[in-house]
Amino acid sequence: MTATTPTTTAGTRAVLEELLRRIGEGDPERIAELYAPQGDWKLDWPEEEHGRAETPWIRHRSTRADAAAHYRELAEHHVPGAAATTVERILVDGDDAVVLGEIRQTARSTGRPYRARFALHLTVEQGLITRHHVYEDSLAVARAFTPATPATPAA
């Protein structure tokens, strides 16, 4: 195990806090500036569910342009002004950071609100995010975006 320096930890925390601030502002291009040109971006969802029409932002990514696209797609598929994020804990150790919390959104296509617990694992190297792994309550998101099925008449 290698020792982490306070400078590394402080730098990682600064990038993370700036990321959260920019996400709150909602400008995908400014958010993407914090990502390395190439990186490791994964969402913990079943592979067969990646890139569905209802949730196109849910897929693995690898570039800064992909990061901007993610935030644009996320905004396009949710009701503006009907979102909130609660950050409960930020843990930083050297180049790695973990954010724990809950998101509240409303699916634009169905009008259904949802809440999803999440953990975000980031790695920051040379001031840029090189890893972005998200673990969230995918069932809550999937349910919010699944079109309602018409009720079948009783026989």
#### Entry: Criterion violated by Arg131 - all others in (1) in a strand (DSSP E or B); (2) under 28 Å from Ala14 (Cα atoms); (3) open to solvent by less than 30 Å² (accessible area, probe 1.4 Å) satisfied
(3)
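For the structure I just gave you, tell me whether Leu19 is within 15 Å of His121 (Cα to Cα), open to solvent by less than 50 Å² (accessible area, probe 1.4 Å) and under 15 Å from the mean Cα position of the chain (by Cα).
On the way: within 15 Å of His121 (Cα to Cα): yes; open to solvent by less than 50 Å² (accessible area, probe 1.4 Å): yes; under 15 Å from the mean Cα position of the chain (by Cα): yes.
Taking the combined requirement at face value, the residue satisfies it.
Criterion first (over 18 Å from Tyr135 (Cβ atoms), at pLDDT 95 or above and not β-branched (Val, Ile, Thr)) does Arg30 satisfy it? Before the answer, list the steps.
Numbers: over 18 Å from Tyr135 (Cβ atoms): yes; at pLDDT 95 or above: yes; not β-branched (Val, Ile, Thr): yes.
Judged against the criteria, Arg30 is a match.
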### Query
Out of segment 101-111, which residues are part of a strand (DSSP E or B) and either β-branched (Val, Ile, Thr) or under 14 Å from Leu74 (Cα atoms) (or both)?
Ile103, Arg104, Gln105, Thr106, Ala107
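Please verify whether segment 44-64 includes one or more residues that are in a helix (DSSP H, G or I) and touching an Asp or Glu at 6+ places or on another chain (Cβ under 6 Å). Show your work before the answer.
Taking segment 44-64 first, the residues in a helix (DSSP H, G or I) are 47-49, 64.
In the following step, the residues that additionally are touching an Asp or Glu at 6+ places or on another chain (Cβ under 6 Å) were identified as none.
No, because not a single residue in segment 44-64 is in a helix (DSSP H, G or I) and touching an Asp or Glu at 6+ places or on another chain (Cβ under 6 Å).
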### Query
Has segment 31-47 got any residue that is free of Cβ contacts under 8 Å to residues at least 24 places away in the same chain, under 12 Å from the mean Cα position of the chain (by Cα) and under 25 Å from Glu88 (Cβ atoms)?
no
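Quick one: in segment 112-128, which of the residues that are open to solvent by 80 Å² or more (accessible area, probe 1.4 Å) and assigned to a strand (DSSP E or B) is farthest from Tyr35 (Cα to Cα)?
Checked segment 112-128; the qualifying residue farthest from Tyr35 (Cα to Cα) is Pro113.
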### Task
Go through Pro37, Pro46 for me and flag whichever is at pLDDT 95 or above and surrounded by fewer than 17 Cβ atoms within 10 Å (Cβ to Cβ).
Pro37
### Summary
By residue number, the members of segment 90-100 that are assigned to a strand (DSSP E or B) and surrounded by 15 or more Cβ atoms within 10 Å (Cβ to Cβ) are Ile90, Val92, Asp96, Ala97, Val98, Val99, Leu100
### Task
State which residue is farthest from Glu88 (Cα to Cα) when the search covers only segment 112-143 and only residues that are of a type in the set (Gly, Ala, Ser) and modelled with pLDDT under 95.
Ala142
### Query
Just checking, which of Thr110, Thr85, Thr106 is hydroxyl-bearing (Ser, Thr, Tyr), in contact with a strand residue (DSSP E or B) (Cβ under 7 Å, 6 or more places away or on another chain) and over 26 Å from Thr12 (Cα atoms)?
Thr106
## Note on the structure
Ala69 vs (1) open to solvent by 30 Å² or more (accessible area, probe 1.4 Å); (2) assigned to a helix (DSSP H, G or I); (3) more than 19 Å from Glu18 (Cβ to Cβ): all pass except (1)
### Task
Return a yes/no flag: does segment 73-89 have any residue that is surrounded by 16 or more Cβ atoms within 10 Å (Cβ to Cβ) and assigned to a strand (DSSP E or B).
yes
### Message
Only one of Ile58, Ile23 is of a type outside the set (D, E, K, R), closer than 19 Å to Thr85 by Cα and touching a His at 6+ places or on another chain (Cβ under 7 Å). Can you tell me which?
### Response
Ile58
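The values are calculated or read from the model by the stated rules, or taken from the named source; none is laboratory data. A quick note: this is a predicted structure, and the numbers were derived from the prediction, not measured. Every residue, glycine among them, receives a Cβ derived from its backbone with ideal geometry; neighbour counts consider all protein chains shown. Keep in mind that these areas ignore ligands, DNA and RNA; they rest on the heavy atoms of the full protein, side chains included. Shrake-Rupley method; radii C 1.70, N 1.55, O 1.52, S 1.80 Å.
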